[in-house]
């Protein structure tokens, strides 16, 4: 049972609540203890007031004058003491009861009314010696009377603490159940979703609420599940695309060969050249797959060297400007002087030519293609921009996937090879596009 995360969270919250409530109880005990010590200190001070007053009366009247001691005895009762005064021989001189009995009925009634608001703490009398000039003159025995309001205060505080403990304890248990459920339910949902993904159900998603760490984890999981779902769809499409690309030239070759074998197609140079072209197309497909395989396996050996970007790109533009001119597309270069990058010239040329080829296909007559470069922090940025057909938003996330074709023509591996080559350089490539208005391919290489 303790293996359940919900139980662990619940017990943890209960433990925290118990510790918090126990701390409150301990704090209350410490406060009451300090309060009692403070009162005891006050009572001790009052005892010394009484002893000092009695010693003063003894000195003033040269002995124990009962008539004048009555006042101090009643005063002691008002301060919260029941006292007995003895002389040096141990004879009782005055006690509280005797002093009260000497009072007038009206005064006695008022004094007794006040004394009834006090309770006897214990029946033990504490002795205090009385001195005058270093000589013992008697003994005062004191019994402390605790005020009833103090007992009432402590009793009420105990009841209030008990009610608070029961109420807060119940609230703590209730909140512990609620919050432990709130904490563990999303995790349970994630667990179920992970199991479903492991069993091949890539459509499983996790409900999200709030902006806490679990919500962020759920969001990340949903994105991962979406990516896996798309990858699964792409894998199926990949198989279909490869089969289609291979089937077309093979079917053409087989059809012509069967026609030749049956005598319907003459075996002449023209038809042999047609077969040769289809075989060449098949060879191109196989070479493209092989090149992609090498790029993805990172088996390509990069020969990196410092490369001045402007003359390098200018040479490419000059070589392919005529191709663009023949289609009626303007090709322009914007690159600053002395822009040095560390790259493999052959592979970088392959990257740029692939991007230019795609831009030329997308551009219409009268359109333009630009190559722009700039430095950003510690990266060299190369942008290939066109104002051609653009890419549909639903196709944009998948254009770098192998054999994914957003339009007819080509194998759908050119951009995949470009991405692999750029990542081999330690860089990255991104694409943005607005359908019908053009595209921007951004290559970032570390300086």
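The values are calculated or read from the model by the stated rules, or taken from the named source; none is laboratory data. Since the model is a prediction, treat every value here as computed from it, not as a measurement. Because the Cβ atoms are built from the backbone with ideal geometry, glycine has one as well, and the counts that use them run over all protein chains shown.
Of the residues screened, residue 332 is not one that is touching a strand residue (DSSP E or B) at 6+ places or on another chain (Cβ under 8 Å), at pLDDT 85 or above and either loosely packed, with under 11 Cβ neighbours inside 10 Å or assigned to a helix (DSSP H, G or I) (or both).
Of all residues assigned to segment 207-217, at least one qualifies as being over 16 Å from the mean Cα position of the chain (by Cα) and without any contact (Cβ under 8 Å) to a residue 24 or more places away in the chain.
Being touching a residue at least 12 places away in the same chain (Cβ under 8 Å) and over 60 Å from the mean Cα position of the chain (by Cα) is a description that applies to residue 140.
Restricting segment 179-198 to residues that are within 14 Å of residue 220 (Cα to Cα) and under 17 Å from the mean Cα position of the chain (by Cα), which is surrounded by the most Cβ atoms within 10 Å (Cβ to Cβ)? Only one residue tops the list, namely 186. Among the residues of this structure, residue 47 does not count as one that is in contact with a helix residue (DSSP H, G or I) (Cβ under 6 Å, 6 or more places away or on another chain) and in the same structural domain as residue 135 (by TED's automatic domain parsing). For segment 301-326, a residue qualifies if it is assigned to a helix (DSSP H, G or I), surrounded by 14 or more Cβ atoms within 10 Å (Cβ to Cβ) and touching a residue at least 24 places away in the same chain (Cβ under 8 Å), and the qualifying residues are 309, 310, 312, 313, 316, 317, 320, 324. Residues in segment 412-432 that are in contact with a helix residue (DSSP H, G or I) (Cβ under 8 Å, 6 or more places away or on another chain), part of a loop (DSSP other than H, G, I, E, B) and over 12 Å from residue 354 (Cβ atoms) were compared, and the one that is modelled with the lowest pLDDT is 412.
Of the residues making up segment 335-342, none is more than 48 Å from the chain's Cα centre (by Cα), on the phi > 0 side of the Ramachandran plot and not in a strand (DSSP E or B). Has segment 127-136 got at least one residue that is exposed (fewer than 12 other Cβ atoms within 10 Å of the Cβ), over 30 Å from residue 8 (Cα atoms), at pLDDT below 80 and not assigned by TED's automatic domain parsing to the domain that holds residue 223? No, every residue in segment 127-136 fails to be exposed (fewer than 12 other Cβ atoms within 10 Å of the Cβ), over 30 Å from residue 8 (Cα atoms), at pLDDT below 80 and not assigned by TED's automatic domain parsing to the domain that holds residue 223. Taking segment 260-300 as the range and being surrounded by 13 or more Cβ atoms within 10 Å (Cβ to Cβ) and modelled with pLDDT of 80 or more as the test, only 279 passes.
Which of (1) without any contact (Cβ under 8 Å) to a residue 60 or more places away in the chain; (2) buried (at least 18 other Cβ atoms within 10 Å of the Cβ); (3) more than 25 Å from residue 325 (Cα to Cα); (4) within 37 Å of the chain's Cα centre (by Cα) does residue 445 not meet, given it meets every other one? Tallying (1) without any contact (Cβ under 8 Å) to a residue 60 or more places away in the chain; (2) buried (at least 18 other Cβ atoms within 10 Å of the Cβ); (3) more than 25 Å from residue 325 (Cα to Cα); (4) within 37 Å of the chain's Cα centre (by Cα), residue 445 fails exactly one: (1).
Yes/no matrix, rows are residues, columns are (1) closer than 19 Å to residue 436 by Cβ; (2) touching a helix residue (DSSP H, G or I) at 6+ places or on another chain (Cβ under 8 Å); (3) surrounded by fewer than 16 Cβ atoms within 10 Å (Cβ to Cβ):
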{"site": "357", "(1), (2), (3)": "no, yes, yes"}
{"site": "366", "(1), (2), (3)": "yes, no, yes"}
{"site": "371", "(1), (2), (3)": "no, yes, no"}
{"site": "374", "(1), (2), (3)": "no, no, yes"}
{"site": "377", "(1), (2), (3)": "no, no, yes"}
{"site": "384", "(1), (2), (3)": "yes, yes, no"}
{"site": "388", "(1), (2), (3)": "yes, yes, no"}
{"site": "394", "(1), (2), (3)": "yes, no, yes"}
{"site": "400", "(1), (2), (3)": "no, yes, no"}
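Taking the condition of being in contact (Cβ under 8 Å) with a residue 24 or more places away in the chain and touching a helix residue (DSSP H, G or I) at 6+ places or on another chain (Cβ under 6 Å), how many residues in segment 70-92 meet it? Number satisfying all stated conditions: 8.
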